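The values are calculated or read from the model by the stated rules, or taken from the named source; none is laboratory data. Please read these numbers as outputs of a predicted model, since none were measured by experiment. No Cβ is skipped: glycine too gets one built from the backbone with ideal geometry, and neighbour counts run over all protein chains shown.
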Amino acid sequence: DVKVTQSSRYLVKRTGEKVFLECVQDMDHENMFWYRQDPGLGLRLIYFSYDVKMKEKGDIPEGYSVSREKKERFSLILESASTNQTSMYLCASSSRTGGITGELFFGEGSRLTVL
Amino acid sequence: AQSVTQLDSQVPVFEEAPVELRCNYSSSVSVYLFWYVQYPNQGLQLLLKYLSGSTLVKGINGFEAEFNKSQTSFHLRKPSVHISDTAEYFCAVSAYNQGGKLIFGQGTELSVKP
């Protein structure tokens with residue numbers, strides 16, 4: 001089974017802190033994604049990556065950056081956390097074929113609270 | 001651009017009753033369609049998908065969905081729900097030329113009561 005592991009399930013940070021959310025997948029998938037989930041808004045795409053060292057902006061990239069130095073790892077960075085970034089963050093991956101059809105495998109999520 | 005609308009934010013239903021969760025999409029190009037389920041405190045998992053072929057697709061846990069191109073809909077159905085089906089359900093669309101980027105609906109909370 002594909003496993004997508006997000007290192008922190010729950011985080012509490014203060015406004016202005018730099019926050020790292022880590023995601024690792026173990027199925028050699030080419031594509032990785034970061035989504036943000038908010039009640040009533042569904043999932044919104046922040047950033048995605050089709051290959052190592054590649055990144056592309058999603059629909060809501062402002063206030064975020066990403067890093068993909070290794071194929072299995074995709075990190076989401078909040079340079080200066082703000083209270084409106086309090087949310088659930090979901091990492092996902094897909095194979096190259098799944099990348100065409102949109103079939104994603106998700107981690108369990110990281111719930112971030114910014115005080 | 002694509003968009004997805006889930007017409008009901010919450011659906012309460014009694015155990016063993018049938019249920020339909022509604023999903024409409026808009027797109028100027030052909031699409032792939034998905035339903036994902038999220039159980040409490042978990043990530044999303046794929047319930048079923050429409051890629052091509054038969055418009056009636058069957059998924060896990062007895063769910064099925066029908067792709068209706070003329071009505072741009074992809075409604076999810078189950079003839080008899082269980083308490084364990086209580087979860088949030090997301091409809092999603094991926095355009096043929098978008099490299100696997102999924103656009104999600106707002107989600108529907110299915111609450112199954114005894």
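For the reader, a short list of remarks on this structure follows.
Yes/no matrix, rows are residues, columns are (1) within 14 Å of another protein chain (Cβ to nearest Cβ); (2) touching a Lys or Arg at 6+ places or on another chain (Cβ under 6 Å); (3) surrounded by fewer than 15 Cβ atoms within 10 Å (Cβ to Cβ); (4) touching a residue at least 40 places away in the same chain (Cβ under 8 Å):
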{"position": "B:28", "(1), (2), (3), (4)": "no, no, yes, no"}
{"position": "B:35", "(1), (2), (3), (4)": "yes, no, no, yes"}
{"position": "B:49", "(1), (2), (3), (4)": "yes, no, no, no"}
{"position": "B:52", "(1), (2), (3), (4)": "yes, no, yes, no"}
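- Filter result for residue A:59 (assigned to a loop (DSSP other than H, G, I, E, B) and at the interface with another protein chain (Cβ under 10 Å from one of its Cβ atoms)): yes
- Odd one out for residue A:67 among (1) more than 9 Å from chain B (Cβ to nearest Cβ); (2) part of a loop (DSSP other than H, G, I, E, B): (2)
- All conditions in (1) in contact (Cβ under 8 Å) with a residue 60 or more places away in the chain; (2) within 14 Å of chain A (Cβ to nearest Cβ); (3) not in a strand (DSSP E or B) hold for residue B:16, with the sole exception of (2).
- Between A:114, A:19, the distinction of being within 14 Å of the chain's Cα centre (by Cα), over 20 Å from residue B:93 (Cα atoms), more than 14 Å from chain B (Cβ to nearest Cβ) and not polar (S, T, N, Q) belongs to A:19 only.
- Matching residues in region A:44-53 - criterion: being more than 11 Å from the chain's Cα centre (by Cα) and surrounded by 13 or more Cβ atoms within 10 Å (Cβ to Cβ): A:50, A:52
- Identity of the residue in region A:90-105, outside any strand (DSSP E or B) and more than 7 Å from chain B (Cβ to nearest Cβ), that ends up modelled with the lowest pLDDT: A:97
- Residues that are more than 14 Å from chain A (Cβ to nearest Cβ) and either among the hydrophobic types (A, V, I, L, M, F, W, C) or crowded, with 19+ Cβ neighbours inside 10 Å (or both) were ranked within region B:2-13; the one that is nearest to residue B:87 (Cα to Cα) is B:11.
- Flag if residue B:88 is within 14 Å of chain A (Cβ to nearest Cβ), among the acidic types (Asp, Glu) and either surrounded by fewer than 14 Cβ atoms within 10 Å (Cβ to Cβ) or closer than 30 Å to residue A:10 by Cβ (or both): yes
- Of B:93, B:31, B:11, all but one fail to be modelled with pLDDT of 95 or more and of a type in the set (Val, Ile, Thr); the exception is B:11.
- Put simply, of A:94, A:65, A:7, A:80 the only residue that is surrounded by fewer than 16 Cβ atoms within 10 Å (Cβ to Cβ) and in contact with a Gly (Cβ under 7 Å, 6 or more places away or on another chain) is A:80.
- Residue match in region A:35-43 (condition: touching a His at 6+ places or on another chain (Cβ under 9 Å) and closer than 18 Å to residue A:102 by Cβ): no
- Residue match in region A:36-50 (condition: more than 14 Å from chain B (Cβ to nearest Cβ), at negative phi and touching a strand residue (DSSP E or B) at 6+ places or on another chain (Cβ under 9 Å)): no
- Annotation note: Cβ proximity below 9 Å between a residue of region B:76-95 that is within 17 Å of residue A:102 (Cβ to Cβ) and a residue that is in a helix (DSSP H, G or I) (sequence gap 6+ or interchain) occurs for B:94/A:100; B:94/A:101.
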